[in-house]
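Peer 1: I am attaching a structure below and will ask some questions about it afterwards.
Computed from the coordinates by the stated procedures, all read-outs in this text should not be read as laboratory data. Please read all numbers here as calculations on a predicted model, not as lab measurements. So basically every Cβ, Gly included, is an ideal-geometry build from the backbone, and we count neighbours across all protein chains shown.
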Amino acid sequence: MTDLPSELTTGERIRVLRERRGLSLPVLAGLVGRSSDWLKKIENGDRELRSITHLVRLANALRVPDVSMLTGGELSIPADGTGKLSHSAVPAIRSALHGASFTTAPTVGAITPGALKDRVVSAWRLWHTSTHQRTEVGALLPDLVRDAHACVKAHQGNERRAAHAATADLYRLVQRLLAHICEPELYWIALDRGRAHSEEADQPVALALAAWSTAIGQRAAGFAEEAVRTDEAGMEILRGELDRGDAELTSVYGALNLQAAISCGLDGRSGDAERYLAEADRTARRLPGDYSHPQSAFDASNVAVHGVGIGVGLLNPGEALRRAENIAPEKITSLERRSRLLLDIAAGHAQKRETAAAVHYLGRAHQVTPEGIRYVPTARSLAASLVRTASGPLKADAVALAEAVGVAA
C-alpha cells in the first residue's frame, strides 16, 4: 500500500487507495461524512483538501497508518491522531469549563455586568494585538470564566441579560482560542455555552454572533453547506434592523456574509462566494471609517483580506494574489488577520508553484504572530509541502520554517 509514485497529487493518491480497497466514491464519501461530489472534486484536483480533520478521516477509512501516505509529504500525523498541537493553557481552561456550571459561585463581591463586559472586550483586544495570543489570552480565561458565571448568578432582570451577553462574548473568545489545540468535545462545549448565553441575553446581535461562531465551528468540522445555512439564519435576525445604522449590528451582518463567502469558497461555489463577498463589501462601506468590530475585526480591510483567502480556497491563485496587491499588511491592526493574509498569500504562491515566494510569505506570517501560525493546521501542512518542493539553498530555509511551525522536517 506504500508503493505510490511520488508525483501523484493528494487527490490521485486517494483515488488509487480507494480503488485498491474496492470502495466506490459514495461509500468512501459516506465514511468521512461528505458527499460524493465533494470527494470527486478532491480526487480530480478541482478542490484543495486543506482540512487536517478530513485527511485523518480519509486515512482511517482507507486503512493507512499516516496521512503522509495521502499527501506524499512530510506532514506526519498518525491516522488515529487529531493533527493538533497541544498548548499549556488548555488544562486550566478545561478545568474552568468543566467546573463553572456545577460549583456554587460566590455572589457577594461578584463583578458587575459592565465590568465583565470591559474585561471581555479587553481580552478580545489582546487576542487581536498579541503576537502570542493563546499564551497571553489563555492566562486570563480561567478566572474570567469563573467570574462570568458568578456575575450571571448574582444579577437579575436586565442586568442578568447583560451578564449573559458578556459571557457569550467570552465563550466566543474561548472557542477561538481552543481551535486546533484541544479535543473536539471541549471546543464544542465552549461553542454551545456561547450559544446558550446568547439565547439568554435575548438580544439580536448576541443571537447573530452565536450564528457566526457556530458557522465557524461547522466549517472547521467540514460542514460548509450547513455553515452557510447557519450564517443565513444569523443574517435574517439582523436584516430588519439594518436601517437603524447601528455600527455593531451592521458589522456583525457583514461578518456573517464574510463567513458565508469563505464556506462557499471552500465548497467550490465561486458564484455564491463572490455574491456574499460583494454584500460584505457593501456592508463595510456603511460603517464609520474608524470602526472595527471587536470580535470579528470586521471592517473594509477585513473584507479585502478574506477576498484573498476565498481566491485561494477556490484554487484561483492569480485572482487571490491580484487582490493581495491592493492590501498593505502593515495597516491591518489585527495581527491575527495580518498573519492570516500573509498565510493566504503564501498559499497562493504555493498553488502557482512559486516556492521561494511561498516560503518568504509564510515566514513573514510566522514573524507577525508565531502562535497564530504554529497552531493552524493549514499553515503546518503548507510548511510541510514547501519542504518537499524547495531545492538548493532554499531547502534549508523551508526546513527551518517547518520546524518553527511545529512540523518535523
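Peer 1: So for the range 305-370, what are the equivalent ellipsoid semi-axes in whole Å, largest first, each being the square root of 5 times an eigenvalue of the Cα gyration tensor? Please list the in-between numbers first.
Peer 2: Values: eigenvalues 59, 38, 16 Å².
Working from the Cα gyration tensor, I get semi-axes of 17, 14, 9 Å.
Peer 1: Take the Cβ-Cβ distance between Asn60 and Thr389 as r, set R0 to 25 Å, and report the resulting FRET efficiency rounded to the nearest 0.05. Don't skip to the answer; put the middle values down first.
Peer 2: Details: r = 27 Å, r/R0 = 1.08.
E between Asn60 and Thr389, to the nearest 0.05, is 0.40.
Peer 1: Does a label point 7 Å from the Cα of Ser86, set along Cα-to-beta-carbon, have any residues of the range 21-57 with amide nitrogen under 15 Å, and which are they?
Peer 2: none
Peer 1: Right, here's the next one. Could you give the angle, 0 to 90 degrees to the nearest 10, between helix 377-389's Cα long axis and the longest principal axis of the Cα atoms of the chain?
Peer 2: Once rounded, one gets 20 degrees.
Peer 1: Here's something else I'd like to know. What distance in nm separates the simple spin-label points at Thr9 and Leu31, each placed 7 Å from Cα in the Cβ direction?
Peer 2: In this crude label model, Thr9 to Leu31 measures out at 2.2 nm.
Peer 1: Let me ask something additional. Whole number please: convex hull volume per residue, Cα atoms of the chain, in Å³. Mind dumping the intermediate values first?
Peer 2: Values: hull volume 54.0 nm³, N = 409.
For the chain, the hull spanned by Cα atoms encloses 132 Å³ per residue.
Peer 1: I've got another one for you. Could you tell me the distance between the Cα centroids of the range 1-41 and the range 102-180, to the nearest Å?
Peer 2: The range 1-41 and the range 102-180 have Cα centres separated by 44 Å.
Peer 1: Sticking with this one: Just to confirm my numbers, what's the Cα centroid distance between the range 196-240 and the range 336-409 in Å?
Peer 2: When both Cα centres are located, 32 Å separates them.
Peer 1: Sticking with this one: What is the order of Asp267, Asp231, Asp243, Asp147, fewest Cβ neighbours within 10 Å to most?
Peer 2: Values: Asp267 23, Asp231 29, Asp243 7, Asp147 19.
So the residues, fewest neighbours to most, are Asp243, Asp147, Asp267, Asp231.
Peer 1: Straight distance only, please: which lysines reach the Cα of Lys153 with their own Cα at less than 28 Å, same-chain residues fewer than 8 apart left out?
Peer 2: Cα-Cα hits under 28 Å: Lys117.
Peer 1: Inverting the mean 1/r over all pairs of different Cα atoms, compute the Kirkwood radius of the range 351-391 and quote it in Å.
Peer 2: Numbers: mean 1/r = 0.0964 Å⁻¹.
About 10.4 Å, per the Kirkwood formula over Cα pairs.
Peer 1: For Trp38, Trp212, Trp188, what's the fewest-to-most ordering of other Cβ within 10 Å of each Cβ? Write down the numbers at each step before the final one.
Peer 2: Details: Trp38 21, Trp212 25, Trp188 15.
In order of increasing Cβ crowding within 10 Å: Trp188, Trp38, Trp212.
Peer 1: Before anything else, pin down the relative contact order of the chain: Cα pairs under 8 Å, at least 6 apart, normalised by residue count, whole percent. Write down the numbers at each step before the final one.
Peer 2: Numbers: 644 pairs, mean separation 56.1, N = 409.
Once divided by the residue count of the chain, the mean separation gives 14 percent.
Peer 1: Let me ask something else about it. Express the Stokes-Einstein translational diffusion coefficient of the range 86-202 in µm² s⁻¹, to the nearest whole number, given a Kirkwood radius over alpha-carbon pairs, 37 °C and a viscosity of 0.692 mPa s. It would help to have the intermediate numbers written out before the result.
Peer 2: Details: Rh = 14.0 Å.
Roughly 234 µm²/s, to the nearest whole number.
Peer 1: Starting from the coordinates of the alpha-carbon atoms of the range 10-71, obtain the Kirkwood hydrodynamic radius over all distinct pairs and give the value in Å to one decimal.
Peer 2: Working: mean 1/r = 0.0896 Å⁻¹.
This gives a value of 11.2 Å.
Peer 1: Same structure, new question: For n ≥ 4 DSSP H runs only, could you compute -39500 (n - 2.57) per run for the chain, divide by its residues and tell me the 222 nm figure to the nearest 500?
Peer 2: On the way: 21 runs with 281 residues, N = 409.
That calculation yields -22000 deg cm²/dmol at 222 nm.
Peer 1: Got the relative contact order for the range 301-409 handy, in percent, Cα pairs under 8 Å and 6 or more residues apart? Kindly include the intermediate steps, with their values, before the conclusion.
Peer 2: Numbers: 145 pairs, mean separation 22.4, N = 109.
Worked out over the range 301-409, it gives 21 percent.
Peer 1: While we're looking at this one, here's another question. If the cut-off is 26 Å between C-alpha atoms, which lysines fall inside it for Lys40, apart from same-chain ones fewer than 8 positions away?
Peer 2: Here the lysines satisfying the reach criterion relative to Lys40 are Lys352.
Peer 1: Quick check on the exposure proxy: order Thr214, Thr333, Thr71 from fewest to most C-beta atoms within 10 angstrom.
Peer 2: On the way: Thr214 25, Thr333 15, Thr71 22.
Ascending Cβ contact count within 10 Å gives the list Thr333, Thr71, Thr214.
Peer 1: Also, I was wondering about something else. Which log10 I(q)/I(0) values does the range 265-335 give at q = 0.17, 0.21 Å⁻¹ under the Debye formula, counting every alpha carbon as one identical point scatterer?
Peer 2: For the requested q values the scattering log ratios are -0.64, -0.94.
Peer 1: Determine the gain in length on full extension of the stretch Asp202-Leu126; use 0.36 nm per residue of separation and subtract their C-alpha separation, reporting nm with one decimal. Present the calculation step by step, with values, prior to reporting the outcome.
Peer 2: Details: separation 76, 0.36 × 76 = 27.36 nm, distance 2.71 nm.
This chain segment gains 24.7 nm when fully extended.
Peer 1: Expressed in nm to one decimal, what extension gain is obtained for the pair Thr135 and Asp192 from 0.36 nm per residue of sequence separation less their Cα-Cα distance?
Peer 2: Working: separation 57, 0.36 × 57 = 20.52 nm, distance 2.33 nm.
Here the answer is 18.2 nm.
Peer 1: Which of Val137, Pro91, Ala150 sits closest to the plus end of the dipole of the range 86-202, meaning its Cα is farthest towards the positive end, when Lys and Arg get +1 and Asp and Glu get -1 on the C-beta?
Peer 2: The residue sitting most towards the positive pole is Val137.
Peer 1: I've got another one for you. What distance in nm lies between label points placed 7 Å from Cα along the C-beta direction at Glu248 and Arg322?
Peer 2: 3.9
Peer 1: Please list the non-local residues whose amide H lies under 5 Å from the amide H of Asp66, H modeled 1.01 Å from N, same-chain partners needing a gap of 5 or more.
Peer 2: HN-HN under 5 Å from Asp66: Ala79.
Peer 1: Okay, next question. Mind checking the angle between helix 247-266 and the chain's longest principal axis? C-alpha axes, 0 to 90 degrees, to the nearest 10.
Peer 2: Tilt of helix 247-266: around 20 degrees.
Peer 1: Let me check I've understood the local charge: for Val252, count other residues with C-beta under 13 angstrom from its C-beta, Lys and Arg +1, Asp and Glu -1. What total comes out? Could you put the intermediate results ahead of the total?
Peer 2: Working: positive: Arg172, Arg239, Arg244, Arg286; negative: Asp169, Asp231, Glu236, Glu241, Asp246, Glu248, Asp299.
Computed value for this residue: -3.
Peer 1: Can you give me the angle between helix 113-129 and the longest principal axis of the chain, using Cα atoms only, in degrees from 0 to 90, rounded to the nearest 10?
Peer 2: It is inclined by approximately 30 degrees.
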